Structure formats: C-alpha cells, structure tokens
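Just so it is clear, none of the values below were taken in a lab; they were calculated from the coordinates. Predicted, not measured: the structure shown is a model, and the values here were computed from it. Positions of Cβ are backbone-derived with ideal geometry, glycine not excepted, and every protein chain shown enters the neighbour counts.
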Amino acid sequence: MNEIQHTDSAFKALDRNRIPQHVAIIMDGNGRWAKEQGHERSYGHENGVNTVREITEVASELGVKFLTLYTFSTENWNRPQQEVDLLMHLVVTAIEQQTPDLIRNNVRLTVIGDTARMPQFARERLERCMADTASCSGLTLCLALSYSSRWEIVEACRRIATQVAEGQVRPADIDERLVSASMATAAMPDPDLLIRTGGDLRVSNYLLWQIAYSELYFTDKYWPAFTRDDFVAALADFQSRERRFGKTSEQVRGQQHNQ
C-alpha cells in the first residue's frame, strides 16, 4: 500500500460524518524497531506505549467511539518468560500512569481476553483502572490481553452449549446475532477498520468473527514509529473506499442519495 504523508490539513479534511465508529489495531513491530535502533526488544515495547497514548488521543479527538488494541495474544505466553514478565508490568504500569489522562479525556478502559491467565497483580491493577474510568462516556479503549480469536470463539461455543443444555436456547435459535452476543466484544459494534503495523499481511488470530466486513489497512511502519499523521492517513484511506456489504455500487449510491 502506498503511504501518503499527511499534515494538519489532512486531519481537517477528514469527513467527520464518516469517521469509523470502531477501529481495531494490531500493534506490530516493537521488537524489530528496537533492534534497528540498536536496543533490546524491551526498548520497543516501552516506546510503543507512547504511540498508544498518541493514537488514543487523536482517535478520541476525531470522534472514534471504540479503539481495540491487540496488546498481548494468547500465543505471546510462549515468548521468553523475561519478556512476558516485562510486558505484564509495562502494560499495567502504563495504564495506571495514563488513567488520569483517560479520565480527563472522557475515555473508558475495558479489557477482553483470557485474563484468568494473567498474574493476579496485573488483573487487580487493571480492574482498578477500569473502575476509575467506568463513568467516562467518550471513546472506549479496549485492550485485547491474553486474547486470541479462536479462544474467544471456543468460549462463545461453550456458553451457547451451556444455554442449550439448560433449556434456555434451542439449537434452531442459534444464529449470527446469538453468536455475536456471546463474544467478548458483545458490547461493541464490529470494527469498521482494522490497521496492522509492522509490514506483515495477516490478521494473526485477531477478531476473526468481528472483522468479516472490516476494511483492512496495512503499513510497513513499526508501531513505535506510527504517528498521528499515519493514523489520519489510515482513516483517509478508509474514507476513500466504497463499503458495499454484498450490494452493488449502484445500490450503495442510491442509499447514500436517499439519506
């Protein structure tokens, strides 16, 4: 994908009526960025936190309602223990430090994932931060922690199977709406836009059910180097696309004309 350099004029040029309601991001490339800078992988993770803060701020400013960040996958538990421990401490410490800013910017924090696998100190500290921001009504910042889409789908199947076994649901009642309501993201709309940094062209077991009709945007920029302008470029690219959802272009244009 050809990347376009954007300035504040590009920020102002965005159509505020067509801002994606939900943006999901795969924040990739922290370790590779650090190595290119001559540092250990931990340096990349630490600088990636700054990018999270900047992108959260610009998303809130633009009116994005939900921002879901792939923070730590279930597969990441297989990384060296030292790096796993560092990431757990880094995530909760960064969130604690940013909680006053989240509250000031009316941002609510939430988490999806198999958090039972996380250390108790991390769960408890994150729960405090979520409680502190619970009354915020602007952007919802959702951290996908100890998360994978296949884990989520299996958990949804178990919940539905239990409902069937208890007589609450008939097999014939199982439809897309029930499956969506059984997902960890049930309180959020499906992502309109999925951004992946770091140059890889895959979705890495992330929100597989939810991104069925999401627009995908890939960039070679590593996450610590991803800027406000890069985010604006992704949104501008999103606004340049025609979202048909199986319909023809003529049908889409007719709907837009009638609105």
Candidates ASN30, ASN105, ASN17; GNM for the chain (alpha-carbon contacts under 10 Å) flags as most fluctuating ASN17
Stretched fully, the stretch from LEU201 through ALA165 gains (0.36 nm per residue minus C-alpha distance, one decimal, in nm) 8.9 nm
Any residue on another chain or 5+ positions along whose placed amide H is under 5 Å from the amide H of ARG108 is listed here as GLY138, LEU139, THR140, LEU141
If one builds a Gaussian network model of the chain from Cα atoms under 10 Å apart, the most fluctuating residue listed among ALA172, ALA181, ALA233 is ALA172
Counting lysine pairs in the chain that sit 8 or more positions apart or on different chains, with Cα atoms under 28 Å apart, gives 5
For the range 154-169, Karplus-derived ³J(HN,Hα) couplings (6.51, -1.76, 1.60; θ = phi - 60°; whole Hz; x for glycine and proline) come out as 4, 4, 5, 4, 5, 4, 5, 4, 5, 4, 5, 4, 8, x, 7, 9
So, with points 7 Å from each Cα along the Cβ direction, the LEU208-HIS89 label distance in nm works out to 3.5
Across ILE153, ILE19, ILE174, the residue with the highest GNM fluctuation in the chain (Cα network, 10 Å cutoff) is ILE174
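For the range 177-259, which chymotrypsin sites (Phe, Trp or Tyr not before Pro) are in a loop by DSSP, counting at most 14 other Cβ atoms within 10 Å?
Sparse-neighbourhood loop chymotrypsin sites (Phe, Trp or Tyr not before Pro): TYR213, PHE245.
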Of all GluC sites (Glu not before Pro) in the range 158-259, the ones in DSSP coil with at most 10 other Cβ atoms within 10 Å are GLU166, GLU242
Cβ-Cβ cut-off under 13 Å around HIS22, Lys and Arg +1, Asp and Glu -1: the net charge is -2
Non-local residues with an amide H under 5 Å from the amide H of SER182, with H modelled 1.01 Å from N and Pro and chain starts lacking one, are none
Between GLN21 and residues 5 or more places away or on another chain, the pairs with built amide H atoms under 5 Å apart involve ASP192
Phi-derived 3J(HN,Hα) across the range 180-193 with the Karplus relation (6.51, -1.76, 1.60, θ = phi - 60°), rounded Hz, x for Gly and Pro, is 4, 5, 9, 7, 5, 9, 4, 7, 10, x, 5, x, 7, 9
From fewest to most C-beta neighbours within 10 Å, the residues CYS142, CYS157 line up as CYS157, CYS142
Taking Lys and Arg as +1 and Asp and Glu as -1, residues besides GLU54 with C-beta under 12 Å from its C-beta add up to -3
HN-Hα couplings for the range 216-221 via Karplus (6.51, -1.76, 1.60; θ = phi - 60°), in whole Hz with x for Gly/Pro, come out as 9, 9, 10, 9, 6, 4
